[in-house]
Amino acid sequence: MEIWTGTDLEAEEMIQKLYNNEYEKLVRNAVSYLRTRSSKPHMAGRAEDVVQETFALLWERRKEVLSREKPEMWLYKALQYKSKELLREENKWVKLLLRYEQFYIPPTEIDGNFEWNLESFVPKEDYDLLYKFYVAGYSYQELCKETGLSKTALGVRIHRIKKKIREKLGK
């Protein structure tokens, strides 16, 4: 297989053509990947996110992918892996939140130096947002309506909440 040596402008045109031809099919495919492993009915928004991430990965690896005889096949395989990655991330957070809810025992005496509860890491509204998203199964659309945030802003907020928890847990 010969390495593709075109310009970024040519790559952009080729990827735009792939996007125009394959986007809808990729979204439907992503919905099926996400739905088979989850009964959540709001996977369409997440499916679009996965497809966008797949195209971002395509751009990063454009020389490798555009060297292939059928770059479309790479797109579908990458989509499958990106979907699995999303499900693993969601499952991790669902387990963390459920474990916290199951094993958290409020302290009988409040220790002013250290509190071991998730709400000490993030404000209650942030914890509630994570709980609604990962455990209660709210969709991005429902949470956007409730919080007044755009889909992008909501995604960034959830990402920052999880990052803050990871930092405080030292992970």
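Side notes on the structure shown:
- Any chance LEU87 is modelled with pLDDT under 85, out of contact with any Ser or Thr (no Cβ under 6 Å at 6 or more places or on another chain) and within 24 Å of GLU24 (Cα to Cα): yes
- Residue satisfying all of: in region 1-26; within 12 Å of LEU66 (Cα to Cα) and of a type in the set (A, V, I, L, M, F, W, C); farthest from the chain's Cα centre (by Cα) among these: MET1
- Among (1) out of contact with any Phe, Trp or Tyr (no Cβ under 6 Å at 6 or more places or on another chain); (2) closer than 17 Å to TYR140 by Cα; (3) hydrophobic (A, V, I, L, M, F, W, C), the one test that VAL94 misses: (1)
- Cβ-Cβ under 8 Å pairs, at least 6 apart or on other chains, region 53-71 side assigned by TED's automatic domain parsing to the domain that holds LYS82, far side among the aromatic types (Phe, Trp, Tyr) and buried (at least 18 other Cβ atoms within 10 Å of the Cβ): LEU58/TRP74; VAL65/TRP74; ARG68/TRP74
- Test: residue in region 20-27 that is of a type in the set (A, V, I, L, M, F, W, C), at pLDDT below 85 and either surrounded by fewer than 13 Cβ atoms within 10 Å (Cβ to Cβ) or assigned to a helix (DSSP H, G or I) (or both): no
The values are calculated or read from the model by the stated rules, or taken from the named source; none is laboratory data. Here the structure is a predicted model, which means the values were calculated and not measured. All Cβ positions, glycine included, derive from the backbone under ideal geometry; neighbour counts span all protein chains shown.
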